[in-house]
Amino acid sequence: MAYVVGIDGGTESLRATLFDLRGRRIASASSAYPTRFAPGARAEQDPEDWWTALGRAVRQVVSDSGVAAHEIAALCATTTCCTVVALDAAARPLHPAIIWMDVRAGREADAVLATGDPALAINGAGHGPVSAEWMIPKALWLHRHEPDTFRAAHTICEYQDFLTWRLTGRRAASLNNASIRWHYRSDAGGWPDSLLAALDLSELRAKWPAEVLAPGAVVGPLAARAAEHLGLPETVLVVQGGADALIGMIGLAVAKPGQLALITGSSHLQFAVGETAAHVPGLWGTYRDAVYPGRTILEGGQTSTGSIVAWLRRLGGEALDLDALNAEAARLEPGADGLLVLDHFQGNRTPYTDPLSRGAITGLSLHHTAAHLFRAVLEGIGFGTRAIVDRMAEAGSGAAEITAGGGATRSALWLQIHADTAGLPVVVPEVAEAPSLGAAVLAAHGAGHFPSIDDGIAAMVRPGRRVEPIPANVRRYDEIYQRYAALYPAMRSLREAAAP
C-alpha cells in the first residue's frame, strides 16, 4: 500500500492530510501562522512561518497516522493564490509576503488594465477586472514603492513556488497560478512580455521562475534538507500543485466539459470546465491547460458570501445562534416574506465587475426577524450565484449540476437554497477538503499510480450528497430573481446621481 500527502497552505494555517490510493483520509494535521495587517489595505505573512508550519504538519500527520514514512510515495501542495514573495538567490525572503487579500496595489491594477494589452483578453474580453490581488499589480507596486527590494530580488513568485523551491531546489512556477493570475497563455505565446513592456516592468520577466510546470508534473524528489525538515525519506516525490480553489476542482471531481464547481468560503468562486475559450465581458477568464491538459476553465466569483453571514453574526453578538437561525429560517417560505438582499457588500466580481457596487436590504418591515434576514442573505447569495451561472450558460458553458465544496456545504438550508435559486442539483462529494484531496490525486498521478488525473479522480473521489431543486421553489425564485436582477442597476443609478 502506498500513501500520498496533500498539503493545503491556507490563509490562517497549513494543513497536511495523508490519503491512501482510494482517497480515504488516514490522518490530518495543521499548523497555524499569523497575518500582520496594516493601514492601506495591507496584509502580510512571513514565508519562514509557512516553512515551519509545513515541517510541523507533515511530521504530525505521519506520527498520527501510524504509516511508515517509507510508505509515502509523493506529496503535492496547493496554496493561496496571488500571495507574492520576493526571494534572494538562496530562496530566503527579502520582504514580507504580500498575501492574496492585500489590495495595496489598486492603482497598479488600474495601470495594468489601462494598457489595453492583448494579454488582458482573458479578463472579461479585455474589459477587466484586473484585481489588485494579482501578481503583476503587486510586482509593479514593489517596483514603484520598494525599488531596492525589487532590484535585489533574484525571484519574485508565489507561496506555491516558494514551497516548490524549498522542497526540491528547483525554481519552477505552476502553470495553474501563472495562467490564472500572471497572464501566462499556454495557447498564445506564453509570458505576457508586451504587457510587461507597456508597464516599464520588463525586468520582472527574468525574476519569474524560468520553468512552468503543469499540475501533476513531477518536480523532483525531496532535497536532503527538505527531507530532514519534514521527517521523510529523500525518495518522496514532489508533484506540482497550484491555487487552492482550482486544485479543489480535482477534489470535487469537476473535470469534464459541462461540469461546474462552486467553491465556498468567505467568498464564492465558480469554475466551469470547457473545451474551447470563451472570453466574454462579465467573466474573469478562460484559462487553457490550467488544471487539465487540453481543457479550459471559465471563472466567475462573488466577493461577499460567507463574509455576509459573518457580518450578520457580528451584528447580533453572542446572542445570535447561527444553528438556531438556520433552523428557524428553514421553516420560512422562499422569499423571506418580501425581504430581498443584494449581495454586493464588497463590490461585485462577476458578472458586473463593479468594485464600487454595494449591498442592499430591501422590503424591511417591523414584522421581519433575524431569521428572515438570515434567509434573505442566503437567498441573495444564491441569486448572485445564479447570475454567474446564467452568464456562463450564455458563454456556452451550460452546466447540468453544481458540485460544491467548502464549509457552507454543512448547511442543508444553504444547499437547498442554491439548488432552488439556480434550478440545478447541487452535489457534495464525500470528502469535504477538496483542495487537499485534489492535491493528493495529483501526487498519486505524478507518482505513477494513475495514468491520468481523470483516472486518479475516478479512483480517489467518491460521491456524497445530492440535493435536487424543489420545483415549486424554483418557480417562486424565478419570480423573485427578476426583482433581484433589477436591484443592481437601481443602486448604481443612485450612486451615480450622488457622485460629485
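Every number here is computed from the coordinates shown, using simple stated rules; none is lab data. A quick note: this is a predicted structure, and the numbers were derived from the prediction, not measured. Using ideal geometry, Cβ is built from the backbone for each residue, glycine included, and neighbour counts are taken over all protein chains shown.
The per residue volume of the convex hull around the alpha-carbon atoms of the chain is 144 Å³.
What does the charge count around residue 295 come to, taking other residues whose C-beta lies under 11 Å from its C-beta (Lys +1, Arg +1, Asp -1, Glu -1)? Walk me through the numbers on the way to the answer.
Details: positive: 256, 288; negative: 275, 289, 454.
Combined, the nearby Lys, Arg, Asp and Glu give -1.
Averaging the Cα positions of each part gives two centres, and for region 107-149 and region 265-288 these lie 19 Å apart. The phi torsions of region 376-390, fed into the Karplus equation with coefficients 6.51, -1.76 and 1.60 and a -60° offset, translate into couplings of 5, 4, 4, 5, x, 5, x, 5, x, 5, 4, 4, 6, 4, 5 Hz, rounded to whole numbers, with Gly and Pro shown as x. Bridge orientation summary for the chain: considering DSSP beta bridges with both residues in this region, about 70 percent are antiparallel. Panel order for 292, 488, by other beta carbons found within 10 Å of each beta carbon, from fewest to most: 488, 292. The residue among 51, 140, 93 whose Cα reaches farthest toward the positive pole of the charge dipole of region 23-145, with charges on the beta-carbon of Lys, Arg, Asp and Glu, is 51.
From the alpha carbon centroid of region 376-446 to that of region 457-473 is 10 Å. Reported to the nearest whole Å, the Cα centre-to-centre distance from region 310-329 to region 1-41 is 29. Amide H contacts for residue 212 (H built 1.01 Å from N in the peptide plane; partners 5 or more residues away or on another chain; cut-off under 5 Å): 173. Between residue 315 and residue 88, the contour length at 0.36 nm per residue exceeds the Cα-Cα span by 77.2 nm. Packing, as the average of other Cβ atoms within 10 Å across residues, places the peptides 243-256, 387-400 in the order 243-256, 387-400, highest first. Once you sort the root eigenvalues of the Cα gyration tensor of region 3-247 as a ≥ b ≥ c, which label holds: rounded (a/c under 1.5), prolate (a/b larger than b/c) or oblate (the other case)? Verdict is prolate for region 3-247.
So, counting K/R as plus one and D/E as minus one, what does the shell of residues with Cβ under 13 Å around residue 265 add up to?
Values: positive: 410; negative: 8, 12, 244, 433.
Summing Lys/Arg as +1 and Asp/Glu as -1 gives -3.
Going by how many other Cβ atoms sit within 10 Å of their own, how do 379, 328 line up, fewest first? Don't jump to the answer; show the numbers that get you there.
Numbers: 379 26, 328 16.
Fewest to most other Cβ atoms nearby, the residues stand as 328, 379.
Computed from backbone phi with θ = phi - 60° and the Karplus coefficients 6.51, -1.76 and 1.60, the 3J(HN,Hα) list for region 329-343 is 5, 5, 7, 7, 6, x, x, 6, 6, x, 7, 9, 10, 8, 8 Hz; x is used for glycine and proline. Judged by the gyration tensor of its Cα atoms, with axes a ≥ b ≥ c, region 120-253 is oblate; a/c meets the 1.5 cut and b/c is at least as large as a/b.
Could you tell me what percent of the DSSP beta bridges with both partners in region 3-247 are antiparallel, to the nearest 5?
Values: 29 of 44 bridges.
Of the beta bridges lying entirely in region 3-247, close to 65 percent run antiparallel.
The residues packed around residue 351, meaning those with a beta-carbon under 15 Å from its beta-carbon, carry a net charge of -1 if Lys and Arg are +1 and Asp and Glu are -1. Helices in the chain, meaning DSSP H runs of at least 4 residues, each add -39500 (n - 2.57). Divided by all residues, the mean residue ellipticity at 222 nm is -11500 deg cm²/dmol. For region 240-307, the spread of Cα positions along the three principal axes, ordered from largest to smallest, is 35, 30, 20 Å. Listed from fewest to most Cβ neighbours within 10 Å, the set 374, 150 follows the order 150, 374.
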